[in-house]
Amino acid sequence: MRYDIRFSGSGGQGIITAGIILAQAAAIKAGKNAVQSQSYGPEARGGASKAEVIISDDEINYPKIVSPDIVISLTQEAYDKYAVDLKDNAVIIVDNTLVHEYKQDGHTIYKVPITSSVKELLGSAVSANIATLGVLNEICKILEHDWLLEVIVGNFPERAAESNTKAYNLGVELAKKAMG
């Protein structure tokens, strides 16, 4: 088992935090090997950024992703910049609140209104990254949902537990709808 996952979005959307949480959950809860790396432009907040996570049963010899098999894009700029060099039959998840142009090219694309749905449910899009983890995990079945939720709740102040749990569960439900 190996997943090469590239999260991409705009600086400030929390995609780096999402990558860190996923890697922690894989290593701590599932006992997998996991590495996480990140990249963002000098504009940090507002510019395209990415976080990459490799999760594997085997040793990970190189910590960077050459060809992802899963890409999540939360903005059009991030999709255009980071949904490249994909493995054959890659899974692409786009937040169709903000990504409107994409190419199928033999890949499976899931169009999920993450940002708008989180904003509607919680009054703010601040937990869109947590909903994104729910979407990703439901579509790709990477970890047990309970494990990922435990790590999410453990990474934030107690007052955020309820809203993050709601955001994660919303992501799971959005993924179910997107899968039809």
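Here G14 fits the description: modelled with pLDDT under 95, closer than 24 Å to H145 by Cα and surrounded by 15 or more Cβ atoms within 10 Å (Cβ to Cβ).
Restricting attention to the stretch 122-139, the residues that are assigned to a helix (DSSP H, G or I) and either at pLDDT below 95 or more than 14 Å from A26 (Cβ to Cβ) (or both) total 10. Taking residues in the stretch 151-179 that are under 26 Å from N96 (Cα atoms), and partners anywhere that are of a type in the set (D, E, K, R) and surrounded by fewer than 18 Cβ atoms within 10 Å (Cβ to Cβ), the pairs with Cβ atoms closer than 7 Å and at least 6 places apart or on different chains are A178/K111. Residues in the stretch 66-119 that are touching a strand residue (DSSP E or B) at 6+ places or on another chain (Cβ under 6 Å) and among the charged types (D, E, K, R) were compared, and the one that is farthest from G12 (Cα to Cα) is D69.
With respect to the stated conditions, S73 is polar (S, T, N, Q), in contact (Cβ under 8 Å) with a residue 60 or more places away in the chain and either closer than 17 Å to L143 by Cβ or buried (at least 17 other Cβ atoms within 10 Å of the Cβ) (or both).
All told, I142 meets the bar of being in contact with a Phe, Trp or Tyr (Cβ under 8 Å, 6 or more places away or on another chain), at pLDDT 95 or above and in a loop (DSSP other than H, G, I, E, B). Taking first residues from the stretch 11-32 that are without any contact (Cβ under 8 Å) to a residue 40 or more places away in the chain and partners that are in a helix (DSSP H, G or I) and aliphatic (A, V, I, L, M), the Cβ contacts under 7 Å between residues at least 6 apart in sequence or on separate chains come to K32/A26.
The values are calculated or read from the model by the stated rules, or taken from the named source; none is laboratory data. Note that this is a predicted model, so its numbers are computed, not measured. Because the Cβ atoms are built from the backbone with ideal geometry, glycine has one as well, and the counts that use them run over all protein chains shown.
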